[in-house]
Each structure stands twice: as C-alpha cells, then as structure tokens.
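Below is one structure, written out as structure tokens; the observations come after it.
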Amino acid sequence: EKHPAQRFAAAVSSLCLTPRYHLTMLGRALILALALVAPAQAWAPAPRMSIAVFGATGGVGGEAASQAMARGEKVTALVRDKSRVTTPMRGEAGGAPMTLDNVVEGTVTSQADVDKVFEGQDVTGVVIALGGKTKDVGETMLTDGSACIINAMKKYGVKRVSVVTSIGAGDSENQAPFFFKMLMYTVMKGIFTDKNNQEGLFLKGPGSDLEYCIVRPGGLTLDPPNGIINVIDGEAGSITRADVASFCLDALDTPDFPYIKKVLRRAVMRCTAPN
C-alpha cells in the first residue's frame, strides 16, 4: 500500500493538471517536495491515552469517564458495583448504562483490586474522584484508597494524576462560604480530616514526586458544561461537575498544564457563565 505522502503527492499532481486549479510549475514542485519528504508520523493519529478513573459511579468521576470516552481515550474504572456505572446526570438526562473499556469490581482500599486497574492497561493518567457516605465507605477511605493508588502508579510507572477534593480542604478553608464552614466544623469534620490527609499524601507524602493536580471545586451542580473555568482566590461559588471533570482530563493530557504540582493553593474553581 502506498505511503500517505505518496497518495497525497499523486492527488496534488492530478490537481495541478486541472485547469480550474492551475499552479505554476515551481509551486507544483514545492508542494510535491513537501509531501514526499514529510515523515510518516505526520499522518499518524494522536496516541490514544489510557485513563484510570476512581469514583466513576459518582458525579465528577462519572463525568470524567464519560468525557474521556468521548475524547477517544481508553477508560478503566474501579467500582464496587458494576451496575452503577451509568451516564452522568445533567439536569433531567442521564442514568443510562454506560459502557467503558474495562471495569474492575472491587474496593479502592484493597491494593490488589487497585493494581488490577493498572495491569495490562498501559495507564497514562489517573482521575481520583472518590466519595460516598462515611457509614458505607469508612472514615479513612479517601486517604487509604489514595495511598493504594499512589502505590500502583509508582509500580506501573504512571506519573500524572488529578485529585478532586473540596473547597475548604487544606489552605482553602477561609474560601468556603459561611454556612459550609459550619458544616465543616461539625457534621463534616471527619470527612474533612480524611480529605486533608488525602491531600497530604501528595503535598508531603509518598505522592509528592508524582505530577499531581489537586482540584478543590466549590458547590457542584448538574448543569451542562459551559467550558469556562476560573481559578480564584476569593470565596468559592458553584461549578458544574462536567466542567470539573473536563479540567481534570485536561490536566492529564496537556503536557505543559499550568497547575501541575501547584495544588491550586489558596485557589478554588468557579464556573463563570458566558456573557
């Protein structure tokens, strides 16, 4: 079979002979020369990434899995119940069964289960969007699960990871709205202890040598994405789960992503509606 450059050259040669698209002999020669010397990889498709999603049955994790598939990426997810892998909710839509490339059933606090997500999948990036009720997942699931993921990433040579925590975690405490602070100091105190310990694994723990991006969104909504995201220093507003997921995926597949290892310190995400 002819090399793409040869096919292109033949097409240009034919085009140059057509009166409607007449080119000078010099112009024709330059186009043919460029086509014939172009390397084969110039016609090769962009390499397909392989994304591991932890929390794919949740709002942001489900969006990340769905959007990664739409981008043409390979997606592997670890879930406790495969039947709960559904299309993300956007307003009234969503909730239908969602097919991913690979779904592993297990728990994120099991190192063996987490390793299965990476085995043979050539994972290139990870989204951690864990959540759940404390009575169902335990008081230290975020920290223990993230530790297992870090171990697996190092074992399988994966560097890039997006970690979704929350407004109020770490040094963004003062950016939380007043009412949310009251929850942080009372009924959600244990959850935020777990979130802070989870972030600590990346800030000063075993994950500090990874290319991490810690995302602390404000209030999450089910609205469709609008693609406009601000990283701010002031009080957090709201943002769609879909836009948070898109930000997380961009952090994985953009080589020079500006927030790698910056942890969005004293900054949270807010979605601004277009004018």
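The values are calculated or read from the model by the stated rules, or taken from the named source; none is laboratory data. Worth saying up front: this structure is predicted, and the values here are computed from it rather than measured. We place every Cβ from the backbone using ideal geometry, glycine too, and count neighbours over all the protein chains shown. The area values use the complete protein model at the heavy-atom level, side chains included, leaving out ligands, DNA and RNA. Shrake-Rupley method; radii C 1.70, N 1.55, O 1.52, S 1.80 Å.
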Original post:
Do you know which residues across segment 91-110 are in contact with a helix residue (DSSP H, G or I) (Cβ under 7 Å, 6 or more places away or on another chain) and open to solvent by 50 Å² or more (accessible area, probe 1.4 Å)?
Top reply: Glu105, Thr107, Thr109
Original post:
Identify, please: which residue in segment 240-275 is open to solvent by less than 30 Å² (accessible area, probe 1.4 Å) and modelled with pLDDT under 65 and is, among those, farthest from Ser166 (Cα to Cα)?
Top reply: Cys271
Original post:
So which residues in segment 161-181 are of a type in the set (S, T, N, Q) and either open to solvent by 60 Å² or more (accessible area, probe 1.4 Å) or at pLDDT 75 or above (or both), if there are any at all?
Top reply: Ser162, Thr165, Ser166, Asn174
Original post:
Quick one: in segment 182-235, which of the residues that are within 21 Å of Thr140 (Cβ to Cβ), touching a Ser or Thr at 6+ places or on another chain (Cβ under 9 Å) and small (Gly, Ala, Ser) is surrounded by the fewest Cβ atoms within 10 Å (Cβ to Cβ)?
Top reply: Gly190
Subject >> helices (runs of 4 or more DSSP H) (entirely within segment 111-160) containing at least 1 residues that are among the β-branched types (Val, Ile, Thr) and open to solvent by less than 10 Å² (accessible area, probe 1.4 Å) >> reply: 111-118, 141-155
Original post:
Do you know which of the residues in segment 222-239 that are outside any loop (DSSP other than H, G, I, E, B) and either at positive phi or under 18 Å from the mean Cα position of the chain (by Cα) (or both) is modelled with the lowest pLDDT?
Top reply: Asn230
Original post:
If you go through segment 179-193 one residue at a time, do you hit one that is touching a residue at least 40 places away in the same chain (Cβ under 8 Å) and closer than 30 Å to Pro255 by Cα?
Top reply: no
Original post:
Where residues in segment 89-107 are in a loop (DSSP other than H, G, I, E, B) and within 18 Å of the chain's Cα centre (by Cα), which of them is farthest from Glu73 (Cα to Cα)?
Top reply: Met89
